[in-house]
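Quick note: the coordinates plus some simple rules give every number you see, no bench work behind them. No experiment lies behind these values; they were computed from the predicted model shown. Don't worry about glycine lacking a Cβ; one is built from the backbone with ideal geometry, like all the others, and counts go over all protein chains shown.
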Amino acid sequence: MYARALIWWTILRICVEERLVYRGDFALGTLMRFLPFITQIFLWRAVFASRAEPTIGGYTYNEMIAYLLLTNISRAFSSMPGLSTALAALIRTGEIKKYLAQPIDLIGFYLLSRVAHKLVYYLVAAAPFALVFYLCRGFFAGWPDAVTMTAFMASLVLAFLLGYFLEATIGMVGFWFLEVSSLLFVYQLFSFFISGQMFPIDILPQGVQGFVDLLPVPYLAYFPVAVFLGKVQGADLVRGLAIEVGWVVFFMLASRFALHRGLKRYSAFGG
Amino acid sequence: MLAYLRVFLTFARNSLVRDMTFRANFIVDCVASLTWVAMQLAFYLLIFEFTPSIGPVGDWGKYEFLVFLATTLMVNSLVGAFFMPNLSEFSEMIRTGHLDFALLKPIDTQFLISLTKIEWSTLSNAIFAVALLVFSLARLNSPPSAVQYMLYPVYVLCGTAIFYSLMIALSSISVWLGRNQNLYDFWFYITNFSRYPMEIYEGSIGTPLRRTFTFLIPILVVVNVPARLLAHPLQDQNWPLAGFALLATAACLLGSRMMFIRALASYRSASS
């Protein structure tokens, strides 16, 4: 047990150090990423200014901007840049043999490497994030209460796990397709529009919204933010968290199952 | 001049031959870029469910804005098809030292590195843009006159030239810095400002922002001038900005050309 913990700890430490090499590039990149956000503020201000009612889909102008700003946080937890393609590439090039020969669990190893990636990201991105949120503090009504805050944290951790296992599952499809980029494209398209990173999904037409609520992607961006802003409370909050846990478990099992079945048909290409 | 045209046509043919070799991939690329465009369109249509116009009422209504969106798509697909694939390779050429081969060829280096590869699939967005333009122009309250139709392509080309100059300028910087992945992101983030009518940038932050991006780095001119020209009836008050756009285009092309030549002068090859 101790030996095993030591192995995982070493892996985590190596991954953290690997990540810290590019910290300057990282911090600058993070700050840049908020530039398009400025245009979004102006866009929504113009939209709100030209209508009579003060809210859209239950969001005031301030709430809309706070929402869009907060999606950067939920995306910082749930996004897994390059995970699926990296896993598919392991399979295609035959490099996956490395993990089969060593007493290391592939899914666990990559999970840890992503945890390390995220930890470093938060460390380096904390300053630019704090700066942007400080400048935009006027859009926020104040801190939510302890229960909401706890639920928010929980939904973020779940968003991370969901993002990881979902993309890992897509990557595992590489055992059957070899190239997953088209599948990934469909997924990204979906998540771009209905994960809520462009707009809160509350503003979609009623019928569409009820359906979208049950899909996994809104939990990657929309749900944690809606929790923070107090848009989801009481029974709805419990239901939302339950659905999120359900999806995490589903994709956890799906990625395992795909790996297990995939290895059975794996034919070890490459040298 | 004629020789350059012939070389360009050869480049175009080569790229097309390459694209047609992997025909299924080409179709997938077309469908992919069109789907992204459709998503953007869906987003704006959703916004217009909640508002009669973006900015002051009567300025950018739904169909006026669709003209604006079509213009954005047109300029971006022209840049994406002709210049983007080449200039994104340029910083790699500097890093690896492959620029040596381009310098040795008996042809203008800027021409060569700007137009070698043409991404034909990106032009599918331009076709979509024309369709969107036709659709929304037919629904405008005041259809454009012949003069407006004639000036529009001129200003679309001006806008494309301004974007191209900006890319050349940023690529030149990569000669000095060695590698500039962030600068390309920077290009994407900066041009993001050009996607909306300039009237939305107002107030204590918006006005200086608008002025900076109109007069200092003229990216707001790129889409705004042609789109306003076509979507709204001609007004005397628009002429100064239209005139400025021509000047800005010339200044950008010249300025970026000078920067590029300066950058080449300080290029010191790499590896062996």
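Some observations on this one:
- For the range B:20-100, GluC sites (Glu not before Pro) meeting the loop criterion (DSSP other than H, G, I, E, B) and having at most 14 other Cβ atoms within 10 Å: B:Glu49.
- Rounded to 10°, Cα long-axis angle of helix A:61-78 versus longest principal axis of chain A: 10 degrees
- Against the main long axis of the alpha-carbon atoms of chain A, helix A:2-20 sits at an angle near 60°.
- 3J(HN,Hα) along the range B:113-123, derived from phi through the Karplus expression 6.51 cos²θ - 1.76 cosθ + 1.60 where θ = phi - 60°, amounts to 7, 8, 10, 3, 10, 10, 8, 4, 5, 5, 5 Hz, with x in place of Gly and Pro.
- Distance in nm between pseudo-label sites at A:Leu131 and A:Ala101 (7 Å out along the Cβ direction from Cα): 4.6 nm
- Per-q log10 I(q)/I(0), the range B:29-154, q = 0.13, 0.19 Å⁻¹ (Debye; single scatterer per alpha-carbon; no solvent): -0.68, -1.04
- Evaluating 6.51 cos²θ - 1.76 cosθ + 1.60 at θ = phi - 60° for every residue in the range A:40-45, the Karplus couplings come out as 5, 4, 5, 4, 5, 4 Hz, glycine and proline recorded as x.
- Between A:Leu215 and B:Leu104, the FRET efficiency estimated from the beta carbon spacing at R0 = 51 angstrom works out to 0.40.
- Anisotropy class of the range B:66-137 from Cα gyration tensor, a/c 1.5 cut: prolate
- Using R0 = 51 Å, the C-beta based FRET efficiency linking B:Val147 and B:Asn14 works out to 0.85.
- Rough spin-label spacing in nm, given labels placed 7 Å along Cα→Cβ, for B:Leu177 and A:Gln188: 2.2 nm
- Taking the C-alpha atoms only, the angle from helix A:218-228 to the longest principal axis of chain A is near 40 degrees.
- Alpha-carbon centroids, the range B:196-213 and the range A:203-251: separation in whole Å: 36 Å
- Filtered trypsin sites (Lys or Arg not before Pro), the range B:162-260: DSSP coil and at most 13 other beta carbons within 10 Å: B:Arg179
- Dipole of the protein assembly as shown computed with +1 at Lys/Arg Cβ and -1 at Asp/Glu Cβ about the Cα centre; of B:Ile205, B:Ser91, A:Thr55, farthest Cα towards the positive end is B:Ser91.
- Residues of the range B:237-272 with amide N under 15 Å of the 7 Å Cα→Cβ point at B:Phe215: B:240-242, B:244-245, B:248
- Label-to-label distance, B:Leu46 versus B:Ser88, with points set 7 angstrom from Cα along the beta-carbon direction: 2.5 nm.
- FRET efficiency for A:Leu20 and A:Ser181, using Cβ-Cβ distance with R0 set to 30 Å, rounded to 0.05: 0.50
- Hits among aspartates and glutamates - C-alpha to C-alpha of A:Lys264 under 20 Å, sequence gap 8 or more where chains match: A:Glu95, A:Asp105, A:Glu179
- Note on chain A: dipole from Cβ charges, positive end direction compared against A:Leu259, A:Val232, A:Leu204; the farthest Cα belongs to A:Leu259.
- Charge dipole (Cα centre; +1 on Lys/Arg Cβ, -1 on Asp/Glu Cβ; no other charges) of the protein assembly as shown amounts to roughly 1200 debye.
- For chain B, calculated [θ]222 nm from helices alone, where every DSSP H run of n ≥ 4 adds -39500 (n - 2.57): -24500 deg cm²/dmol
- For a straight C-alpha distance cut-off of 30 angstrom, the lysines reachable from B:Lys117 (same-chain residues fewer than eight places away being disregarded) are B:Lys105.
- Cα shape, the protein assembly as shown, gyration tensor, a/c 1.5 rule: oblate
- Environment charge of B:Ala70, counting only residues whose C-beta is closer than 15 Å and scoring Lys/Arg +1, Asp/Glu -1: +3
- Radius 14 Å from Cβ of B:Pro85, net charge of other residues (Lys, Arg +1; Asp, Glu -1): -3
- Top positive-direction residue, dipole computed over the range B:2-265 with Cβ charges, set B:Leu253, B:Asn224, B:Ser15: B:Ser15
- Per-residue mean of C-beta atoms belonging to partner chains within 10 Å, peptide B:47-55: 6
- Vicinal HN-Hα couplings computed from phi for the range A:152-167 (Karplus, 6.51 cos²θ - 1.76 cosθ + 1.60; Hz; Gly/Pro x): 4, 4, 4, 5, 5, 4, 5, 5, 4, 4, 5, x, 5, 5, 5, 5
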